[in-house]
Amino acid sequence: MSDMKRLVLLGPPGAGKGTQAAMIADHFCVPRISTGDILRNAVREGTALGQQARAHMNRGELLPDSLMMEIVEERLKLPDCKNGFVLDGLPRTVIQAKELEKIVNIDIVVAIDVGEEEVVRRLAGRRLCPICEAGYHVEFKPPRQAEICDRCGTPLKQRDDDQEGVIRNRLKTYREWTAPLLEYYKRKSILRVIDGKGKVEEVFRRIVSLDLQKR
Ligand code: AP5
């Protein structure tokens, strides 16, 4: 198989970026780089980064651009990125987009388009297994036994930033800082917008129907 394009996923919180990024990464055998996961791991491990991240994340605010760029630059240097990657969660500001260009060429930006009421519903119902990290949704992907992980039997948890007040703030942050990236990448002619409504598999089909392989 030829290399995959270097892909950025954009979309509001709860658009399905993490879900789709994992499927694309599996399908094309490339790494998924999720800045949210990197930060949540740091919070769990109690590192200095984690302590700084926790407060910002729990308010639904962004971490400083310079810090995020340092983290991603280190990650992109690893050899597994050389045949393509899916970047989920960065850039989130125009400054980050400009800094990213200095590190690597992005081939395609896929924006997942979902309305605000739908994302609130998706986030409020999201559940995660704290042990094996399997993801569920109380309505759209319920576990066999309510609030218990199918894979390992552990009680499921809600992300701290999935409380309704924080979700509204994350959406506000998205509108203010991240949504301008749609115009930014449109001007560069690398933006593809796909409809994020419908089943997970349908959304995935829409994404892979875009030409994601490098020639
Ligand atoms: P991050 O983890 O990136 O959060 P987010 O962008 O708010 O996105 P989510 O992970 O909440 O949602 P998603 O779009 O991945 O949707 P998912 O697939 O999970 O960032 C968290 C925080 O870290 C930020 O707020 C910020 O503080 C900080 N941060 C991160 N990057 C940063 C950066 N670059 N700069 C500064 N700060 C940064 O799906 C959601 C739910 O919906 C799931 O339950 C799923 O099962 C369900 N679902 C998915 N698709 C469908 C579907 N088609 N139909 C029905 N349900 C669906």
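General remarks:
- Anisotropy class of the range 169-215 from Cα gyration tensor, a/c 1.5 cut: oblate
- Summed side-chain charge close to residue 103 - residues other than residue 103 whose Cβ falls under 11 Å, Lys, Arg +1, Asp, Glu -1: 0
- Leading residue at positive end of dipole, the chain (Cβ point charges), from 8, 173, 35: 8
- The charge dipole of the chain, taken about its Cα centre with unit charges on the Cβ atoms of Lys, Arg (+1), Asp and Glu (-1) only, comes to about 280 debye.
- Shape call, the range 136-215: gyration tensor on alpha carbons, a/c limit 1.5: oblate
- Cα centroid separation, the range 137-153 to the range 158-215 (Å): 25 Å
- Inter-centroid distance (Cα atoms) of the range 41-114 relative to the range 2-22, Å: 13 Å
- Listed by chain and number, the lysines whose alpha-carbon sits under 21 Å from that of residue 82, ignoring those within fewer than 8 places in the same chain, are 5, 98, 102, 214.
- For the chain, the solvent-accessible area works out to 53 Å² per residue, with a probe of 1.4 Å and every protein chain left in place.
- With every protein chain in place, the range 153-202: carbon and sulfur % of accessible area (1.4 Å): 51 percent
- The listed residues 56, 137, once ranked by accessible area (1.4 Å probe) with the largest placed first, stand as 56, 137.
- Selection from 18, 58, 104 lying farthest towards where the dipole of the range 1-108 points positive, charges on Cβ: 58
- Net charge of the neighbourhood of residue 130, taken over other residues with C-beta under 14 Å away and scored Lys/Arg +1, Asp/Glu -1, is +1.
- Lysines whose Cα lies under 29 Å from that of residue 141, excluding same-chain neighbours fewer than 8 positions away: 17, 157, 172, 197, 199
- Within the chain, DSSP assigns beta bridges of which about 30% are antiparallel (rounded to the nearest 5).
- Those trypsin sites (Lys or Arg not before Pro) in the range 67-162 that DSSP places in a loop and that have at most 13 other beta carbons within 10 Å: 77, 82, 144, 151
- Per residue, the convex hull volume that the Cα atoms of the chain enclose (Å³): 127 Å³
- Cα gyration tensor, the range 44-148 - rounded (a/c under 1.5), prolate or oblate: prolate
The values are calculated or read from the model by the stated rules, or taken from the named source; none is laboratory data. What you are looking at is a predicted structure, and each value in this text was computed from that prediction instead of being measured. Quick reminder, even Gly has a Cβ in these numbers, built from the backbone with ideal geometry, and neighbours come from all protein chains shown. To get the accessible areas, we keep the full protein, side chains included, count just its heavy atoms, and leave off ligands, DNA and RNA. Shrake-Rupley method; radii C 1.70, N 1.55, O 1.52, S 1.80 Å.
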